[in-house]
Amino acid sequence: MAATYREEAARLQALHDLRVLDSPASEAIDRITRMAAWSFAAPVALVTLVDAQRQRFKSRLGVTVDEIPREHSFCTHAICSDDVMVVPDASRDPRFATNPLVVGDPEIRFYAGAPLILRDNIRLGTLCVIDRVPRPFTAEDRRMLADLAALVVVELEKQAAEMREADAAARPHRYEFESFLECEARTRPGEAALAVIADMSTPGQLRSLFAELGPAWSEAVALHASQTIAESLGARVSLHRVGYLCFGFLLDDGDETPTRALLAALAERLREPFECEGIPFLLAPAIGAVSLRLGEDAAANVLRRAFAAAQEARARHAALAWHGAGMRWSESEARGLVLLRELRRALEKGEGLSLDLQPRIDLATGECVAAEMLLRWRHARLGPIPPGDFIALAERTALARPLTDWVINAALAASARLAASGLPLRLSINVSAVNLDEPDLIDRLAAALHRYGVPPQRLELEFTESALADNAPQALARIEQARALGVTIAIDDFGTGYSNLTYLQRIPAGILKIDQSFVRSLPSSSRDRVLVRTMIGMAHELGYRVVVEGVESDEIRGLAAAWGADEAQGYGIARPMSQAAFETWFRCQRHCAVVPAAAPPVRAAAAVAE
Ligand code: C2E
Ligand code: MG
Ligand code: MG
């Protein structure tokens, strides 16, 4: 009985996935081969793997060649049987009587082969013993050969797992994850699963990692990441390295909540600081998960969606982005297209866009010393659209430039208006990483400052930490130009991205804004308390003025003040508000002197030193 086409394809795939054809010789398998030869007093014992054209010897005793053509192979027949195949005298067996290995020299007369059967009934090859004279083989002999073959399978699987582990720490293997997904789809079609991509760093961080600390150190970081993931997920999940600091794996998706909790816990563990060869380090994980039914979608497509989800998590500064089975990727793409088309129109006509202001107070005096301008978009038909939904999208298109231009102009117009009504405050705007690629960015900024008659000292540009880490030397030069103009530079969302501070010191920033994700949880997380206090101390040592974002309560404000932070921003002080509301709030703070219970009074500064 010949193997069916499906069986043949499944075996070839398994040989490829387990990578047994290329794996080094194994002493453990050689020992089983020796034991087989010795137990049956056979001059030849082999562990064979039946490849498409050739039969390869994974382990051999009594022969000197490493492979033979498939058409001469006895094992091709043996793998079709569940049982041990015994040929007591090949010269009398019509299947083999004319085989060159039977009529030639050295001749095969006796053959007994036990198939190497994997868990999913895929047969890779055999453990076989061969003799040059005919001989009997008892039922007891068969059982023993089958047991030894089972031991070989265990060793092969163990070796494959070890290679995969070593691989996860050695080099990226995207195609391996793809063929793993294909194999899973073949063995358990229709089962609910979750394909996950866990990306540990932005491309810019990776570049700096290589440039500043070298590949050996980067490898040590990769090893730490792979071990942390493997420990968090348990031994049953096979981990694939799909990028330099990027890993892929497949989870069962029976019940969504535990899987979500598992991934959230993984993200949490990956964000813990660790030491690598004496240097403290933080990863910046972004995890993308895609629910699927195995086999419904091509593996390459599943991977693409999981990568896109990870990218989305990173763009949203979230640890995890999840795409449910019901959500077709094309739906989100379609929404993206609609938003981009509408945003373009909004920017051209200035419709529906506005800037809200969120106050920043000096923690020592309680005075409002600055305000962050946050973009708002209210679409006539779609309603309010959160910045997280459209800003990252715009950044991937040519709309990033007009969007930032709109913000610069609107912010400076507001600044001039506030100054005219007696509030010459410093205002900060958020600038995208991609804007740093525009050679004329600073010229446009200087022209706008001139146009609105706003002194550069009253403007602050916020760049996220990852935007700065991702950018090339010319971006640094652009930031230097802005500073030379007199504009203040702030590093936004500090703590969520890169952690090696050597690069930060090269950026001429005066302000460091500690990300709200650490701050909001201060009352409940002792870990975040240690982190924030350390960040404040470290930032001061490097000469930054520190702004703590996400101050939602008096308790947090009190902690930030006690640790010496300079400014605070957050819902506990005031939510972002329209410009008219901000003016009222500001004047009320100045005149009403409402004193919160556990914090210094909020008083408005009469003016900001320029
Ligand atoms: P960001 O620059 O870190 O801005 C702070 C965000 O945190 C704002 O969200 C603000 O509303 C929110 N926030 C402030 N205090 C608290 C608090 O105590 N608790 C909580 N939970 N949240 C607080 P928003 O307005 O949704 O903006 C999100 C992000 O969108 C901003 O983060 C910024 O990265 C981006 N963004 C906003 N406006 C612009 C813009 O004009 N241009 C660019 N490129 N990005 C912008
Ligand atoms: Mg900001
Ligand atoms: Mg921020």
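The values are calculated or read from the model by the stated rules, or taken from the named source; none is laboratory data. Everything numeric here is computed off the predicted structure, so don't read it as measured data. Positions of Cβ are generated from backbone atoms using ideal geometry, with glycine treated the same way; all protein chains shown enter the neighbour counts. Areas reflect the complete protein model, heavy atoms only, side chains present, ligands, DNA and RNA absent. Shrake-Rupley method; radii C 1.70, N 1.55, O 1.52, S 1.80 Å.
Mean sequence separation of contacting Cα pairs (under 8 Å, at least six apart), scaled by the length of region 334-608, corresponds to a relative contact order of 21 percent. Near Glu367, the amide H atoms lying under 5 Å from its own belong to Asp362, Arg603; only residues 5 or more places off or on other chains count, and H is placed 1.01 Å from N. With the Cα gyration tensor of region 1-132 giving a ≥ b ≥ c as the square roots of its eigenvalues, does the rule (a/c under 1.5 for rounded; else a/b larger than b/c for prolate; else oblate) give rounded, prolate or oblate? Here region 1-132 falls in the oblate category.
Using +1 on the beta carbon of Lys and Arg, -1 on that of Asp and Glu, and nothing else charged, what's the dipole of region 98-157 about the Cα centre, debye to 20?
Details: 7 positive and 9 negative charges, 35 e Å.
It comes to approximately 180 debye.
Principal-axis analysis of the Cα atoms of the chain puts helix 579-592 at an angle of about 60° to the longest axis. For the listed peptides 454-466, 132-144, 383-395, a ranking on the average number of other beta carbons within 10 Å per residue, highest first, reads 454-466, 383-395, 132-144.
Under the rule a/c < 1.5 gives rounded, and otherwise a/b versus b/c splits prolate from oblate, where does region 174-327 land using the Cα gyration tensor? Present the calculation step by step, with values, prior to reporting the outcome.
On the way: a/c = 1.89, a/b = 1.76, b/c = 1.08.
It comes out prolate by the Cα gyration axes.
Projecting the Cα atoms of Val431, Ala580, Gly366 onto the charge dipole of region 334-608 (Cβ charges, centred on the Cα centre) puts Ala580 farthest toward the positive pole.
Rounded if a/c is under 1.5, else prolate if a/b beats b/c, else oblate: with a ≥ b ≥ c from the C-alpha gyration tensor eigenvalues square-rooted, which is region 334-608?
rounded
For region 558-571, backbone phi angles converted through the Karplus equation (6.51, -1.76, 1.60; θ = phi - 60°) give residue-by-residue couplings of x, 5, 4, 5, 5, 7, x, 4, 8, 9, 9, 9, x, 4 Hz, Gly and Pro being listed as x.
Using a probe of 1.4 angstrom, how much of the accessible area of the chain is carbon and sulfur, in percent? List each step's numbers first, then the result.
Working: 14730 of 27000 Å².
Answer for the chain: carbon and sulfur cover 55 percent of the accessible area.
Each residue of region 177-186 was assigned a 3J(HN,Hα) from its phi angle through the Karplus expression (A = 6.51, B = -1.76, C = 1.60, θ = phi - 60°), giving 5, 4, 6, 5, 4, 5, 5, 4, 5, 6 Hz with x at Gly and Pro.
Considering helices alone, the calculated mean residue ellipticity of the chain at 222 nm is -14000 deg cm²/dmol, with DSSP H runs of length four and up weighted by -39500 (n - 2.57) and normalised per residue.
Sort the following peptides by mean Cβ neighbour count (other Cβ atoms within 10 Å, averaged over residues), highest first: 60-72, 525-537.
Details: 60-72: 13.5, 525-537: 16.0.
Ranking the peptides 60-72, 525-537 by packing returns 525-537, 60-72.
For Arg54, nonlocal amide neighbours, meaning residues 5 or more places apart or on other chains whose placed amide H falls under 5 Å from its own, are Arg70.
Rank these residues by their accessible area, most exposed first, probe 1.4 Å: Tyr175, Tyr452, Tyr544.
Numbers: Tyr175 150, Tyr452 75, Tyr544 15 Å².
Ranked from most to least accessible, the order is Tyr175, Tyr452, Tyr544.
Between the helical axis of 139-170 and the longest alpha-carbon principal axis of the chain there is an angle of about 30 degrees. Taking Cα centre as origin and charging only the Cβ of basic (Lys, Arg, +1) and acidic (Asp, Glu, -1) residues, the dipole magnitude of region 334-608 rounds to 600 debye.
Rolling a 1.4 Å sphere over the protein heavy atoms, what is the accessible area per residue of the chain, to the nearest Å²?
Normalised by residue count, the accessible surface of the chain is 44 Å².
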